[in-house]
1. Mind listing the phi-derived Karplus ³J(HN,Hα) values for the stretch 5-13, rounded to whole Hz, using 6.51, -1.76 and 1.60 with θ = phi - 60°, and x for any glycine or proline?
2. Residue separation times 0.36 nm, minus the C-alpha to C-alpha distance between THR385 and LYS427: what's the value?
3. Compute the relative contact order of the chain as a whole-number percentage, counting only Cα pairs closer than 8 Å that sit 6 or more residues apart in sequence.
4. Could you pull out every residue, at least 5 positions away or on a different chain, whose amide H is within less than 5 Å of the one on LEU346? Hs are placed 1.01 Å off N in the peptide plane, and Pro or chain starts have none.
5. Can you work out D for the stretch 253-351 in µm² s⁻¹ from Stokes-Einstein, where Rh is the Kirkwood radius over C-alpha pairs, the temperature is 4 °C and the viscosity is 1.567 mPa s?
6. To check you understand DSSP bridge types, tell me what percent of the beta bridges within the stretch 1-130 (both residues inside) are antiparallel, rounded to 5.
7. Can you tell me the relative contact order of the stretch 272-421? Whole percent, Cα pairs under 8 Å, sequence separation 6 or more.
8. Tell me the Kirkwood radius of the stretch 1-88: reciprocal of the mean inverse pair distance over distinct alpha-carbon atoms, in Å.
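Here, each number is a calculation from the coordinates, and none is a lab measurement. Source: prediction; values computed, not measured. Every residue, glycine among them, receives a Cβ derived from its backbone with ideal geometry; neighbour counts consider all protein chains shown.
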Amino acid sequence: MREFNFDGLIGPTHNYGGLSPGNLASQTHGGHVSNPRAAALQGLAKMRFVHGLGVGQALLPPQQRPHLRTLRQLGFRGTDEAIIAAAGAHEDGFLLRLCSSAAATWTANAATVAPSADAADGRVHLTPANLSQMFHRTIEAETTTRILRAIFADEHFFFVHDPLPPGTHFADEGAANHTRFQGGMHLFSWGRRAWPGPDGMPPLPQRFPARQTLEASQAVARLHQLDAARVIFARQSPEGIDAGAFHTDVLAVGNRDLLMLHALAFADRDALLATLRHLVPGLRVVLASERDFPAKEAVASYAFNSQIVDLPAGGMAVVAPLEAKQNSAAHAFLSSIASDQKSIALHYIDVRQSMQNGGGPACLRLRVELEEKEVAAIRANVIATPALLDTLEVWVSRHYREELAAKDLADPQLAREGMVALDALTKILRIGSVYDFQI
Ligand code: SUG
């Protein structure tokens, strides 16, 4: 099996909507002017870099924004232009912003994945996240499902489930709350319970919402036909969520036999680590204490939102955001891992445009472990090659703006440009018709 990182290609309407309470970067940058072209080129440069390390790299296309179908469902009528104008004029454009979010680009939230080796039926399982906790994200699920079904189309090898049922009981945020370790051990994490368990309701964060429910994680583990003996459900620390870790991958990241985590990533940490050590023999745990590396700095720098990837010649690379290099506690922590642990290389990468919305290197990618025959079964042109990345850079330069302010979302020309761009993209990627305007 080889891991492929399916990065979200950042879309032509990348903007700072300020839509995610509990995501400090999104809240801080709400209303700032974005640069969609720079954002997409930074994302493509990251893909090129990771591909250059010899790591499997692929991509998922962006979504159409503004999401006109949602605006129609909410009662706006007429031509696309009329709908955008009316929504833009409604309550200072908030509704239009909700339907224009760039958030689908963080594909760690697109789905949860189990490789075929771990599923009882021997297929790769993908469950698109319903993202029920936040309205601006819940509208992603249907198109994500279509895109995943277009790419993982061969039902002999792949099973793309429906997203979990809507509503907050089964709120699911995808792989951002899931880690697979060696030996097919799956760690699912969650922030709240949907209903009281035998021990009642665990405490909730005080300031910010807990998004994922235990019940959603359990449903995904069932759907993926995992061996119950190799599945752990761990609660996110409410203090960690209140410090800005709205997803587990803001304060923890794991790969194979390595787990890097902050003291505020999980509740009941010692018990969790004991169980993990038992199930993942030889597990290396790198724990950052609140004293050495305060959660505030960890969240600001996104050091734990690094990608950890296996290198073909052995060893691993940590691909961290540039912000972590500029933060002394983060840089010291990451450098100590690279010097203390065997064969770990540290790299920094500039994805600042995405970071300003709370999306670091790890948020930008969905990990999919594939056997050779499964890779061969993917007919869509989504596996990165230098030539495909060149083509996509040209495509971005042709279609993307360099400045986008909140008021621009009400420009019907922007929506039109997006449709032209995405239509061209589906042809490059050979994924057929996946957008509403194509169906
Ligand atoms: O859900 N940001 C996303 C960021 C997701 C990051 N993903 C991971 N941690 N894996 C979120 O909060 C902000 C959109 C805006 O404000 O315009 C946003 O939705």
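1. Residue by residue, the stretch 5-13 yields 9, 8, 7, x, 6, 5, x, x, 10 Hz.
2. 13.5 nm
3. That works out to 24 percent.
4. Correct list: VAL318.
5. 94 µm²/s
6. 45 percent
7. Taking the mean separation of contacting Cα pairs over the length of the stretch 272-421, I get 16 percent.
8. About 15.6 Å, per the Kirkwood formula over Cα pairs.
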